[in-house]
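This report concerns only the one structure given below.
The values are calculated or read from the model by the stated rules, or taken from the named source; none is laboratory data. All figures in this text were calculated on a predicted structure; none of them were measured in a lab. Cβ atoms come from the backbone with ideal geometry, glycine included; neighbour counts cover every protein chain shown. For the accessible areas, the whole protein counts, side chains as well, though only heavy atoms, and no ligand, DNA or RNA atoms are used. Shrake-Rupley method; radii C 1.70, N 1.55, O 1.52, S 1.80 Å.
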Amino acid sequence: MTPVSTQQHQGNPPTPRISLRAVTKDFQVRPAKDTPSGRVLRALEDITLDVAAGELLTLVGPSGSGKTTLLDILGGLSEPTTGEVLVDGRPVSGPGLDRGIVFQQYALFPWRTALANVAFGLEGPQFRRQGLGKEERLERAREYLALVGLGGFEERYPHELSGGMKQRVAIARSLAHEPGILLMDEPFAALDAQTREQLQDELLRIWSATGTTAVFITHGIEEAVYLGQRVAVLSSRPGRLKAIVDIDLGDRTIGAERDLRSTPEFVAYRHRLWELLHGEVASAQRAGHQKIQPDGTERAA
Amino acid sequence: MTTTPTIDSVPTTDAAAAPEDARVRNSDGAPARSDGAPDPAKPGRPAGKFLLSKVFRAVKVAVWRSAAIVLFLLAWELVPQFLLGEDTRVFLPPLHDVLLALRDAITTGELWEHLSASLTRSVAGFSIAVTAGITLGLALSWYRGLASFLTPLLELFRNTAALALLPVFVLLLGIGETSKITIVAYASFFPVLLNTIAGATTVDPLLIRAARSLGLSQLRLFQKVILPSAVPTIFTGIRMGGTASILVLIAAEMVGAKAGLGFQIVNAQSSFLIPQMYAGILTVSLLGLAVNVGLVRLEAHFSRWRTFAPTR
Ligand SMILES: Nc1ncnc2c1ncn2[C@@H]1O[C@H](COP(=O)(O)OP(=O)(O)OP(=O)(O)O)[C@@H](O)[C@H]1O
Ligand SMILES: [Mg+2]
């Protein structure tokens, strides 16, 4: 488990790992009864944001504020309408193994065992060229399953795993090809409170052990404060960057022992974010957006 | 917390990720799998009593499940003997007459002759249908333009009853094996084709996103995501095609053939060998049953992962 460092520019000022420049995203809405000609829906507007190498940035915003849209753009799964996305100073042209994505709905391949799911990203030609044979592949996948605490569950199929375990497999899968950047879309939203806290601590542990740059999307203010070094707040649709809040809570990897969530600093941060989001959530709801359910049922495709 | 715009309620569907809970799911979620993951928890129970009650339950289920068939066979045996008049009984002989005729057909090798003729034809036609159906189905799901071009025509063919085309096949291909194999292939081709297309075009978009995010090219996406996720649906088509192949073949053999179970039935009827005719019918229904059970097993085997997949 070598720390990933593909940082290329050591000079000053350091190139941000991820850089969003005036990103705007419009969707063409299919014609409906009330809008027969179809119209343009602006999901994101003028987002400019840098993420430094090794940083863990959390992104909160009301439902429909374009969080998933932003993650898709970062992952190269869709393109911004205007503006650009740079990774290590180079424009993103599509998905790549330098970025790993954890989806809210696990997205495991149900016909593959946990181990084979984790090995999935290692089967491409680029890894074969590196001389990664089948044995090495499975060995690496086994290591990452152990890293997320699922040693011994290699041969289980997704339907034989609980929600929390599935999400661990999904995290292991996105880590196994050792991406420098980890993009996570409400990965813990569907889990119960205890499992979520447990996975949050594990995520912090893995993040600090691997030195990954991470963007973590969440609905939870607490989660955003607990995980993030910075919290970016999106406004309701169209999503604009409303604020970025620096979080300074000391060494967060020992949060579990300290009950960080009840410290006065934590509560203050939480309240600050709550104030920032309060009005936005109300206006998002006026615009007809329901809050997302804990099982993620509301998600737009 | 009450005014916080977050949702922190605890869903009841997903248990905690403690490794223990996987055991629970495995033992109640996947009872039918003998080849599944090793189950760490097989607690020793008070053995003897438990086993006995299990056997008892199994016997009870077996008796109940076969009761209707046993009653039917009993009626077949008794009704002709005691309720039917002499002249009707000739056309509906009791079961034991039929079984005797069946035994004779087996010992003389006559049954095997007809069975193998039928099997050869249906296996040949069915194999052609499966190969062509899967190949064309995958090609059509890959080239969407071609699919939208061909689909109306395919719909037209599919909705033309295969047997209605038998005269055409006979005219074009003669009365020999070719026309029968062709009609079997025709009848089983469409279920395979349409299910292959359906399976390969209705892949969970989330899985495609996940695979793309892992850097898969279009071709590898097809090979590693679309194809495996279509396998259960394809096997459903294969099962439907297999059933269709037997049904259509028997009918085709009745119209024009010199061997085969369909021919045997019609031939026995016109020669007034009534028990022999019923023996043929019995063989056909057993064959159909065997083929169907086999294909259902096959389908279930390849759909294992889907049976318990979360419904989204
Ligand atoms: N493919 C699409 N076509 C049209 N509109 C889209 C598409 N994808 C997203 N949208 C719209 O863009 C807006 C932002 O969607 P997005 O999924 O990014 O929101 P989100 O912040 O992730 O919401 P949530 O918190 O509920 O997941 C929504 O109004 C949504 O309806
Ligand atoms: Mg979303």
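Structure summary
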read-out: Euclidean distance between Cα centres, the stretch B:124-181 to the stretch B:207-254, Å; value: 17
read-out: Separation of the residue B:53 and residue B:202 label points, Cα + 7 Å toward Cβ, nm; value: 4.2
read-out: Calculated from backbone phi, Karplus (6.51, -1.76, 1.60) coupling profile of the stretch A:63-78 in Hz, x at Gly/Pro; value: 4, x, 7, x, 5, 5, 4, 5, 5, 4, 5, 4, x, x, 7, 8
read-out: Added length on full extension, which subtracts the Cα-Cα distance from 0.36 nm per residue, residue B:298 to residue B:218; value: 25.9 nm
read-out: Sequence of B:254, B:277 when ordered by accessible area, the most exposed leading, probe 1.4 angstrom; value: B:254, B:277
read-out: Amide proton proximity set for residue A:102, modelled H, under 5 Å, gap of 5+; value: A:183, A:184, A:185
read-out: Descending Cα extents along the principal axes, the stretch B:93-302, whole Å; value: 69, 37, 22
read-out: Distance violations [Cα-Cα > 25 Å] among A:166/B:224; A:67/A:166; A:67/B:224; A:166/B:54; value: A:67/B:224; A:166/B:54
read-out: Zone of residue B:272's modelled label, taken as backbone nitrogen in the stretch B:76-119 under 17 Å from a point 7 Å along Cα→Cβ; value: B:86-93
read-out: The stretch A:226-231 - phi-based ³J(HN,Hα) in whole Hz, Karplus 6.51/-1.76/1.60, Gly and Pro as x; value: 5, 8, x, 7, 9, 10
read-out: The stretch A:65-223 shape via C-alpha gyration tensor axes, a/c threshold 1.5; value: oblate
read-out: Chains B and A, summed buried accessible surface - 1.4 Å probe, Å², nearest 100; value: 4300
read-out: Distance histogram for the stretch A:197-243 (every C-alpha pair counted, 5 angstrom bins, percent rounded to whole numbers); value: 5, 17, 27, 24, 12, 10, 4, 0
read-out: Table column - 3J(HN,Hα) (Hz), the stretch A:133-146, Karplus curve with 6.51, -1.76, 1.60, x for Gly and Pro; value: x, 4, 4, 5, 4, 5, 4, 4, 4, 4, 4, 6, 5, 5
read-out: For residue A:234, residues with placed amide H under 5 Å, excluding near neighbours; value: A:60, A:61, A:242
read-out: Sequence-distant residues sharing a close amide H with residue A:15 (under 5 Å, placed H); value: A:9
read-out: Per-pair calculated FRET efficiency, R0 = 51 Å: residue B:82 and residue A:146 via Cβ, rounded to 0.05; value: 0.10
